[in-house]
Amino acid sequence: MYSGLEVRVPFCDHRIVEYAYNMPWDFKALGGREKGIVRRAFTGELPDAIIDRKKSPYPKTFHPAYTRLCADYVRRIFADTDSLASQLFDHAAVEALMEKPESLAEPWYGQLMRTPQIFAYIIQVDRWLRQYKVRLV
């Protein structure tokens with residue numbers, strides 16, 4: 001964003017963000033849908049095809065190579081006897097996801113966190129623990 005154009009910024013006034021953040025969940029998810037209040041606000045202003053479409057969050061990675069690369073990296077973390085992250089995660093559960101990435105039926109967190117993002121999370125935890133030389137006592 002430092003050297004590019006971000007077209008969403010005009011709609012991201014901090015007062016709107018603060019207001020929306022403090023809305024009750026039932027209001028945000030009006031009608032049981034993500035962005036429910038936004039969908040209701042734009043009914044009649046946008047075509048129904050836009051209002052009713054499934055949210056496609058950015059960024060999202062569907063490419064199987066991304067999943068494979070992240071899984072391979074996690075395997076290296078788990079094989080490293082000096083990795084604290086390796087000690088924090090259930091190897092059998094993660095390996096089961098590596099074998100069948102599609103087996104995670106529901107997102108782990110939010111709307112994005114499926115199997116590849118779980119692997120990426122483990123990688124990030126490992127890097128953070130190493131960067132800050134965290135030790136468990």
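Numbers at a glance
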{"read-out": "Checklist (1) open to solvent by 90 Å² or more (accessible area, probe 1.4 Å); (2) modelled with pLDDT of 85 or more; (3) assigned to a helix (DSSP H, G or I) applied to PRO10, failing item", "value": "(2)"}
{"read-out": "Filtered residue count, the range 67-125, keeping only those that are in a loop (DSSP other than H, G, I, E, B), among the basic types (Lys, Arg), over 15 Å from the mean Cα position of the chain (by Cα) and surrounded by 12 or more Cβ atoms within 10 Å (Cβ to Cβ)", "value": "0"}
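The values are calculated or read from the model by the stated rules, or taken from the named source; none is laboratory data. Just so it is clear, the structure is predicted and the values come from calculations on it, not from any experiment. Cβ coordinates were reconstructed from backbone atoms using ideal geometry, including for glycine residues, and neighbour counts include every protein chain displayed. Note: areas computed on protein heavy atoms with side chains; ligands, DNA, RNA excluded. Shrake-Rupley method; radii C 1.70, N 1.55, O 1.52, S 1.80 Å.
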